[in-house]
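Read the structure below first, then the notes.
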Amino acid sequence: MDVLSWQRRLEGIAMFKDFPLAEVYRLLEPGPVVLLTTAEDGRANVMSMSWHMMVEFTPPLVACVVSGNDFSFRALRRTGQCVIAIPTVELAEQVVAVGNCSGRDTDKFAAFGLTPAPAEKVAPPLVAECFANLECKVADDALVDDYNLFILEVVKAWIDPAHKEPRTIHHHGYGHFVVDGETITLKSKMP
């Protein structure tokens, strides 16, 4: 690399500033905030979750992190079942409220006006107010002990056709959210 190229590279770096490592997640939040439901011993619970991503299309596999401190962790670990319910922006305040308390001492469905609906293939309930619900079974728990990372297989998917253009919320940390906006369509080789 010649001196001029090296100088330009250093000038480019100078325009950046340090960013706290503890806040990196705010830059990479991949998808919408969702509600995750579990059920154990006949008791349903719901939690807010934003640490998830698709890892495979067929069968549909979703990776998600559920903290060992979350009340839902034990039920998911023991039963191997959950529902990922995808809310719209209209439910934002309820979604945040669900995430700000524990199911250990609160019936969050009742407290926040959410309606549990029966699922077809798993015990945890769907959330009737959400535009989509994904019934899931744990496909792989090899990384749970080290990282609280579950690989879930979606075994049944539901969508509410009444929601024509659902807008989701995306967490950017510390109470900040972005709402889905304009949709653009570009050529893609993906089906």
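Tabulated values for the structure
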item: Every residue from region 127-178 that is surrounded by 13 or more Cβ atoms within 10 Å (Cβ to Cβ) and aromatic (Phe, Trp, Tyr); result: Phe131, Phe150, Trp158, Phe177
item: Complete set of residues in region 72-99 that are in contact (Cβ under 8 Å) with a residue 12 or more places away in the chain and either among the basic types (Lys, Arg) or surrounded by fewer than 19 Cβ atoms within 10 Å (Cβ to Cβ) (or both); result: Phe73, Arg74, Arg77, Arg78, Thr79, Gly80, Val89, Ala92, Val96, Ala97, Gly99
item: Subset of region 132-191 (residues that are among the hydroxyl-bearing types (Ser, Thr, Tyr) and out of contact with any Gly (no Cβ under 9 Å at 6 or more places or on another chain)); result: Tyr147, Tyr174, Thr183, Thr185, Ser188
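Every number in this text was worked out from the coordinates using simple rules, so none of it is lab data. From a predicted model like this one, the values you see are computed outputs, not experimental measurements. Here the Cβ is made from the backbone with ideal geometry for all residues, glycine too, and neighbour counts use every protein chain on show.
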